[in-house]
């Protein structure tokens, strides 16, 4: 297999578990030096030590994407340490589900702060370096919920709709500067987030998908890998649904 990301430096937020973890592992397999960022320090350490990353090809940073100062400091340290940042995957995200009538202001604000403002923070923090080099790839985690909405997810849907809006705006602004910006919109994927969902609800989700199953994190990681690579050099401003046909 060709190492399509050989020589690239990639930052993945929310990299300690789920889709972020799978994406970081796949990027490393494809030759990238990977910077794992997450709030979960112990999980980060375990991932770096036991997931089989090549020596010298993985670095970890405890990072809260809502903390602007911490984000800027981390990105600056990565540039000083590794010379540049070629790829940013804005994967960090949370849910705080409730029907509109019961959703608290705190629940709404927390999700918007992480899922939307966090993407803004991280992207601004890597942007100057990419502009100086006139190249880079920014990949944002949206969701099918950001395309079609979902019951009980006012905050999450709003954040993921917003990510698509930022993606398309940035693609217009940055495309002429050599920087591609795309979003991935996964359907329902078998990660820790779904472990709290009752099996009866999961059965309904599976039946709504034409492939009659949940997605795997590795399947989403494959899409991120393609979009990060030069094979996707003419793809910019896309919000790509990866849902097994959920919306058909």
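Here is how the numbers come out for the structure above:
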{"quantity": "Test: residue 139 is surrounded by 23 or more Cβ atoms within 10 Å (Cβ to Cβ), in contact with a strand residue (DSSP E or B) (Cβ under 9 Å, 6 or more places away or on another chain) and closer than 23 Å to residue 245 by Cα", "calculated": "yes"}
{"quantity": "Hits in the stretch 215-227 (condition: free of Cβ contacts under 8 Å to residues at least 60 places away in the same chain, buried (at least 18 other Cβ atoms within 10 Å of the Cβ) and not in a strand (DSSP E or B))", "calculated": "223"}
{"quantity": "Strands (runs of 3 or more DSSP E) wholly inside the stretch 3-89 that include at least 3 residues being farther than 21 Å from residue 132 by Cα and either modelled with pLDDT under 95 or touching a helix residue (DSSP H, G or I) at 6+ places or on another chain (Cβ under 9 Å) (or both)", "calculated": "33-38, 58-62"}
{"quantity": "Boolean, residue 237 is closer than 22 Å to residue 131 by Cβ, in contact with a strand residue (DSSP E or B) (Cβ under 9 Å, 6 or more places away or on another chain), modelled with pLDDT of 95 or more and in a helix (DSSP H, G or I)", "calculated": "no"}
{"quantity": "Some residue of the stretch 26-42 being surrounded by fewer than 21 Cβ atoms within 10 Å (Cβ to Cβ), in contact with a strand residue (DSSP E or B) (Cβ under 7 Å, 6 or more places away or on another chain) and farther than 20 Å from residue 136 by Cα", "calculated": "yes"}
{"quantity": "Pairs, first on the phi > 0 side of the Ramachandran plot and without any contact (Cβ under 8 Å) to a residue 40 or more places away in the chain in the stretch 104-129, second surrounded by 18 or more Cβ atoms within 10 Å (Cβ to Cβ) and assigned to a helix (DSSP H, G or I), C-beta under 9 Å, six or more apart", "calculated": "none"}
{"quantity": "Check on residue 95, part of a helix (DSSP H, G or I) and either in contact with a helix residue (DSSP H, G or I) (Cβ under 7 Å, 6 or more places away or on another chain) or within 20 Å of residue 220 (Cβ to Cβ) (or both)", "calculated": "no"}
{"quantity": "Enumeration of residues in the stretch 150-186 that are within 30 Å of residue 208 (Cβ to Cβ), in a loop (DSSP other than H, G, I, E, B) and either in contact (Cβ under 8 Å) with a residue 40 or more places away in the chain or within 19 Å of the chain's Cα centre (by Cα) (or both)", "calculated": "151, 152"}
{"quantity": "Test: residue in the stretch 228-240 that is touching a residue at least 60 places away in the same chain (Cβ under 8 Å), surrounded by 14 or more Cβ atoms within 10 Å (Cβ to Cβ), within 15 Å of residue 87 (Cβ to Cβ) and under 15 Å from the mean Cα position of the chain (by Cα)", "calculated": "yes"}
{"quantity": "Selected residue [assigned to a helix (DSSP H, G or I), at pLDDT below 95 and surrounded by fewer than 16 Cβ atoms within 10 Å (Cβ to Cβ)] from 194, 131", "calculated": "194"}
{"quantity": "Residue satisfying all of: in the stretch 134-149; touching a residue at least 60 places away in the same chain (Cβ under 8 Å) and over 15 Å from the mean Cα position of the chain (by Cα); farthest from residue 224 (Cα to Cα) among these", "calculated": "148"}
{"quantity": "Some residue of the stretch 199-214 being out of contact with any helix residue (DSSP H, G or I) (no Cβ under 8 Å at 6 or more places or on another chain), assigned to a loop (DSSP other than H, G, I, E, B), over 30 Å from residue 129 (Cα atoms) and in contact (Cβ under 8 Å) with a residue 40 or more places away in the chain", "calculated": "no"}
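The values are calculated or read from the model by the stated rules, or taken from the named source; none is laboratory data. Predicted, not measured: the structure shown is a model, and the values here were computed from it. Cβ atoms come from the backbone with ideal geometry, glycine included; neighbour counts cover every protein chain shown.
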